[in-house]
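Inspection log for the structure reproduced underneath, given as structure tokens.
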Amino acid sequence: QVVHAHKPHFMALHCQEFGGKNYEASMSHVDKFVKELLSSDAMKDYNRARVYLDENYKSQEHFTALGSFYFLHESLKNIYQFDFKAKKYKKVTGKEIYSDTLESTPMLEKEKFPQDYFPECKWSRKGFIRTRWCITDCAFDLVNIHLFHDASNLIAWETSPSVYSGIRHKALGYVLDRIIDQRFEKVSYFVFGDFNFRLDAKAVVETLCAKATMQTVRAADTNEVVKLIFRESDNDRKVMLQLEKKLFDYFNQDVFRDNNGTALLEFDRELSVFKDRLYELDISFPPSYPYSEDSSQGKQYMNTRCPAWCDRILMSHSAKELILKSENDEKIVIYDHIGPNVCMGDHKPVFLSFRIAAGAGKPIANVHKCCVVQ
């Protein structure tokens with residue numbers, strides 16, 4: 001429905017955790033999904049495609065479970081993709097799928113983060129895939145990224161910013177340094193995927209439970225804190241919030257949904273470290289994670305984590321300049337989520353739709369010819 005509504009000429013779709021949580025059993029469904037997508041009636045006007053799927057889960061050293069899809073509309077002429085090995089652009093024709101050969105294809109760069117970035121997660125699949133494109137004389141990188149999650153709500157709550165925030169900061173900095181290093185010409189870039197950005201847990205809890213008293217529950221054998229219970233000081237000591245390693249049970253979910261959770265945006269602080277390097281349009285959609293996986297509860301959050309804007313579309317400041325903003329039509333640039341009422345798994349997808357001018361990447365841009373990019 002979103003594709004039908006926006007009719008993009010070039011569409012980039014970035015997926016994380018391809019094959020799902022049980023990828024050994026579920027990866028067999030991926031190929032069928034991709035073939036059905038490519039041949040579907042909805043995609044019939046896209047006569048060229050590139051699909052890159054990291055399905056090689058037996059290679060723990062390299063496996064990222066990332067999937068990057070690129071679809072080109074038949075009306076779009078002269079599309080080129082960069083060959084990182086030959087260091088030159090190649091014209092894109094036909095439809096091609098790459099899965100177990102990602103390590104050897106020169107049309108992308110793929111990397112899994114070093115194990116020591118997140119040592120407590122032995123089989124982490126976090127990393128990034130980068131491709132480079134040239135459309136109507138405009139060159140840019142598209143980077144599919146998946147950063148580290150919060151392993152424990154209790155640990156995330158201990159410090160502000162949290163230890164996990166620091167790990168994500170390090171990993172994102174690594175990717176940004178990598179894509180602007182000296183090996184290739186610098187171009188504008190878009191980085192999008194599951195950044196796992198979380199709200200500042202300590203600040204959120206202190207705000208939500210400002211008038212509550214805290215009870216600490218410890219394990220009998222180790223004396224380790226296993227649960228925090230926040231109760232109202234009066235009102236019959238009503239429980240407001242229960243916090244465990246994988247439990248964030250707040251009594252009133254409306255605070256995360258009302259007005260798209262705008263009141264909580266002040267606690268979304270992880271991107272601020274990169275304000276000199278990355279730009280993001282204003283967020284006007286509710287936190288994208290963690291939604292219920294019950295198919296009848298499209299709007300409901302799970303009580304496992306504090307809802308947060310994990311899924312983002314970020315760009316370099318030069319990429320921001322590529323996006324055409326029409327004075328007559330504010331809807332030219334749209335940054336939103338998909339399926340607000342539909343269960344789509346624990347993450348709600350986000351999308352950015354915009355137009356770029358032909359030759360926008362060059363000093364003298366022809367601003368009249370446009371192609372729609374999504």
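Give the residue from 334, 214, 8 lying farthest towards the positive end of the charge dipole for the chain; charges sit on Cβ (+1 for Lys and Arg, -1 for Asp and Glu) and the dipole is referred to the Cα centre.
Result: 8, furthest along the dipole toward the positive end.
Which value, in Å² and to the nearest 10, is the accessible area of residue 207 when all protein chains are kept and the probe is 1.4 Å?
80 Å²
Per DSSP H run of at least 4 residues, take -39500 (n - 2.57); add these up for the chain, divide by its residues and hand me the 222 nm value, nearest 500 deg cm²/dmol.
After summing the helix terms and dividing by the residues of the chain, the value is -5000 deg cm²/dmol.
Of 87/186; 32/95; 275/320; 35/186; 21/85, which pairs sit farther than 24 Å apart, going by alpha carbon to alpha carbon?
Too far apart for the 24 Å limit: 35/186; 21/85.
Kindly report, to the nearest 10 Å², the accessible surface of residue 266 as traced by a 1.4 Å probe over protein heavy atoms only.
120 Å²
Where the centroid of each part is defined by its Cα atoms, how far is the stretch 84-111 from the stretch 157-172 in Å?
Going from one Cα centre to the other spans 33 Å.
Would you please calculate the Kirkwood hydrodynamic radius of the stretch 55-139 over all C-alpha pairs and express it in Å, rounded to one decimal?
14.6 Å
Can you give the Kirkwood hydrodynamic radius of the stretch 91-159 from its Cα pairs, in Å with one decimal?
15.1 Å
Quick one: grab the alpha carbon gyration tensor of the stretch 195-266, order the square roots of its eigenvalues as a ≥ b ≥ c, and give me rounded if a/c is under 1.5, else prolate or oblate depending on whether a/b is larger than b/c.
oblate
Taking Cα atoms of the stretch 209-333, Rg/Rh with Kirkwood Rh, to two decimals?
Reported Rg/Rh (Cα atoms, Kirkwood Rh): 1.10.
So how strong a dipole does the chain carry about its Cα centre when Lys and Arg Cβ are +1 and Asp and Glu Cβ are -1, to the nearest 20 debye?
So the magnitude is around 1040 debye.
Amide H neighbours of residue 309 under 5 Å, counting only residues 5+ apart in sequence or on other chains, H built in-plane at 1.01 Å?
Here the answer is 199, 288, since their amide H atoms fall under 5 Å of that of residue 309.
Taking the stretch 245-340, which chymotrypsin sites (Phe, Trp or Tyr not before Pro) meet the DSSP loop condition and have no more than 16 other C-beta atoms within 10 Å?
Listed in order of number, the matching sites are 251.
Once the Cα gyration tensor of the stretch 154-227 is diagonalised, what are the square roots of 5 times its eigenvalues, in whole Å and ordered largest first, as equivalent ellipsoid semi-axes?
38, 15, 8
Viscosity 1.306 mPa s, temperature 10 °C: Stokes-Einstein D of the stretch 112-270 from its Kirkwood Cα radius, in µm² per second?
Rounded to a whole number, D works out at 86 µm²/s.
List the equivalent ellipsoid semi-axes of the chain in whole Å, largest first, each obtained as the square root of 5λ for an eigenvalue λ of the Cα gyration tensor.
So the equivalent ellipsoid measures 38, 23, 20 Å along its semi-axes.
With charges set only on the Cβ (+1 for Lys and Arg, -1 for Asp and Glu), what does the dipole of the stretch 1-130 come to about its Cα centre, in debye to the nearest 20?
Value, rounded to 20: 540 debye.
Picking from 20, 65, 42, whose Cα lies most toward the positive end of the charge dipole for the stretch 1-154 (charges on Cβ: Lys, Arg +1; Asp, Glu -1)?
42
Can I get the semi-axes of the stretch 98-206's equivalent ellipsoid? Compute them from the C-alpha gyration tensor as square roots of 5 times the eigenvalues, in angstrom, largest first.
Equivalent ellipsoid of the stretch 98-206: 31, 17, 11 Å, largest first.
Ranked from the most accessible area to the least, with a 1.4 Å probe and all protein chains present, what is the order of 246, 202?
246, 202
Work out which helices of the chain, taken as complete DSSP H runs, extend at least 18 Å along their axis over the Cα atoms and score a mean Kyte-Doolittle of 0.0 or more, then list them.
Membrane-span-like by this criterion, though nothing is claimed about a membrane: 163-179.
In Å and whole numbers, how far do the C-alpha atoms of the stretch 224-272 stretch along each principal axis, longest first?
35, 30, 16
Could you give me the ³J(HN,Hα) list for the stretch 46-51, computed from phi with Karplus coefficients 6.51, -1.76, 1.60 and θ = phi - 60°, whole Hz, x at Gly and Pro?
Karplus values, whole Hz, x for Gly and Pro: 9, 8, 9, 8, 10, 10.
The values are calculated or read from the model by the stated rules, or taken from the named source; none is laboratory data. What you are looking at is a predicted structure, and each value in this text was computed from that prediction instead of being measured. Backbone-built Cβ (ideal geometry, glycine too); neighbour counts: all protein chains shown. When the accessible area is computed, the model is the full protein with side chains, heavy atoms only, and any ligands, DNA or RNA have been set aside. Shrake-Rupley method; radii C 1.70, N 1.55, O 1.52, S 1.80 Å.
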